[in-house]
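S.K.: Got a structure for you, written out below as structure tokens; questions coming shortly.
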Amino acid sequence: MGLFLLWFLFGIGILIQAVYLLLIFGRTAWSKTPTSSSSASESAEGVTVLISAHNEYHNLKRLIPKLFEQEYPKYDVMIVNDRSTDRTKRLLEEMMAEYPRLRSVTVKYTPNHVTSKKFALTLGIKVAKYDVILLTDADCMPSSPQWIEKMTAPIREEGKTFALGFSGYESQKGMLNRWIQFETLLTGLLYLSFGLWKAPFMGVGRNLSYRKSFFMEMKAFKGIWHLEGGDDDLFVNAYATGKNTGLVIDPEAATVSLPKETWKEYLVQKKRHLHAGKYLRGEDKQKIGLYSFSHALFWIGGLGLLIYLGVFKQWEQFLVVFSIITMRLILVWSIFRSASKRIQGKVKVSQTLINDLFYLAYFWVLGTVSYQAKDIKWK
């Protein structure tokens, strides 16, 4: 009975994983998606790049000059100085004198019933000059001078309301960074792939665009004001559809963020991200949950079979299970490698086996803790 159960779990895991890897993730990794190749004209619609910053002096000093290297003809940059106590205000004053298209607004306090980042973003969007809003964070960098043009093309040229892009992290040495690269790419595969299948369910605020007029029409973050996080994924989840959402899969349209350098900082960040996931629509939680559930079935069943068959020296069946596990790992490596090249222009994918196994603990342990957490904060 125990052996039958292990084979049953392993088989179900294989079937569901095959659907995700080949049909869903394969859409992002291998299919060709149209990219905008023409340059925007001088009459192109204006874009406001919006950043909410709390004590981000060093990151803003690095980011702002890069933003004004963009080749898009008509844009400005709005920095929301959210209760900063460092030198952010003085830096913005100095840089506004140097860059005429840089503007800022200051948040001095946050109302009790509203979370800080949503209040800051809402204020920035309200005073934004242009209707097309392009969001990123202070610790992000555009991957190319064509970032604004390519990320906003679905909205400006195709009449979409949302444009979802990818935001990766700088490559550094160490196990933590390798895990961050893996987990970020997996998250990107999930939301970009379902978006390509006309079933978008989230985006990331480090690289997200939508219309100011739509945001105001929907009364900003109505219904989620009290939640820490969710200004990106939950807002997209509430309103994005297959018809009003465009996917931007192009290395030149990506952004690159500074990764956390300690496990403690990383776990605090991911706890906030995973906590917001509990408020996704039920069918969208199933998209993530079914992948993670089948992933767990595959490894629990597979490792259980290897141990059982090894102990009882049933080597033919042992070899079958080992071969299936190996083939899946090769498939995961191939998909991640191809997707990484298409999404962010780099192909380095390492430690697939270790990271794939570590995902079990990450999702089921940290996910459970985050789901029940009540002490989530932005800054």
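The values are calculated or read from the model by the stated rules, or taken from the named source; none is laboratory data. Please read all numbers here as calculations on a predicted model, not as lab measurements. Cβ placement follows ideal geometry from the backbone for every residue including glycine, while neighbour counts extend to all protein chains displayed.
S.K.: Report every pair of residues separated by at least 6 positions or lying on different chains whose Cβ atoms are under 9 Å apart, first residue within the range 1-24 and in contact (Cβ under 8 Å) with a residue 12 or more places away in the chain and surrounded by 14 or more Cβ atoms within 10 Å (Cβ to Cβ), second of a type in the set (D, E, K, R) and assigned to a helix (DSSP H, G or I).
M.R.: Ile14/Arg328; Gln17/Arg328; Leu21/Arg328; Ile24/Lys287
S.K.: Follow-up. Only residues that are small (Gly, Ala, Ser) and part of a helix (DSSP H, G or I): list them for the range 146-179, please.
M.R.: Passing the criteria: only Ala153.
S.K.: Right, something else. Being touching a residue at least 12 places away in the same chain (Cβ under 8 Å), touching a Cys at 6+ places or on another chain (Cβ under 7 Å) and outside the structural domain of Tyr362 (by TED's automatic domain parsing) is true for just one of Arg206, Arg156. Which residue is that?
M.R.: Exactly one of Arg206, Arg156 is touching a residue at least 12 places away in the same chain (Cβ under 8 Å), touching a Cys at 6+ places or on another chain (Cβ under 7 Å) and outside the structural domain of Tyr362 (by TED's automatic domain parsing), namely Arg206.
S.K.: Continuing with this model, one more query. Applying the selection to the range 77-103, what residues are assigned to a strand (DSSP E or B) and either aromatic (Phe, Trp, Tyr) or surrounded by fewer than 21 Cβ atoms within 10 Å (Cβ to Cβ) (or both)?
M.R.: Residues satisfying the conditions are Leu102, Arg103.
S.K.: Determine the pairs where a residue that is over 15 Å from Phe25 (Cα atoms), located within the range 283-294, has a partner that is small (Gly, Ala, Ser) and surrounded by fewer than 18 Cβ atoms within 10 Å (Cβ to Cβ) with Cβ atoms under 6 Å apart, the partner being 6 or more residues away or on another chain.
M.R.: Taking only residues 6 or more apart or on different chains, not a single pair turns up.
S.K.: Same structure again: Looking at (1) closer than 21 Å to Lys219 by Cα; (2) modelled with pLDDT of 95 or more; (3) touching a Pro at 6+ places or on another chain (Cβ under 9 Å), which is the one condition that is false for Leu134?
M.R.: (3)
S.K.: Which one of these does Lys74 not meet: (1) basic (Lys, Arg); (2) within 30 Å of Phe322 (Cα to Cα); (3) touching a Gly at 6+ places or on another chain (Cβ under 7 Å)?
M.R.: Condition not satisfied by Lys74: (2).
S.K.: While we're here: Mind listing just one residue for me: the one in the range 3-33 that is in a helix (DSSP H, G or I) and of a type in the set (S, T, N, Q) and, of those, nearest to the chain's Cα centre (by Cα)?
M.R.: So the residue we want is Thr28.
S.K.: What is the residue count in the range 144-153 for residues that are of a type outside the set (D, E, K, R) and out of contact with any strand residue (DSSP E or B) (no Cβ under 6 Å at 6 or more places or on another chain)?
M.R.: Of the residues in that region, 5 qualify.
S.K.: Which residues, taken from the range 101-128, are at pLDDT below 90, among the aliphatic types (A, V, I, L, M) and more than 25 Å from the chain's Cα centre (by Cα)?
M.R.: Of everything in the range 101-128, nothing turns out to be at pLDDT below 90, among the aliphatic types (A, V, I, L, M) and more than 25 Å from the chain's Cα centre (by Cα).
S.K.: Can you pull out the helices (runs of 4 or more DSSP H) entirely within the range 257-364 that have at least 1 residues that are buried (at least 19 other Cβ atoms within 10 Å of the Cβ), modelled with pLDDT under 95 and not assigned by TED's automatic domain parsing to the domain that holds Tyr191?
M.R.: It comes to 282-311, 315-344, 352-361.
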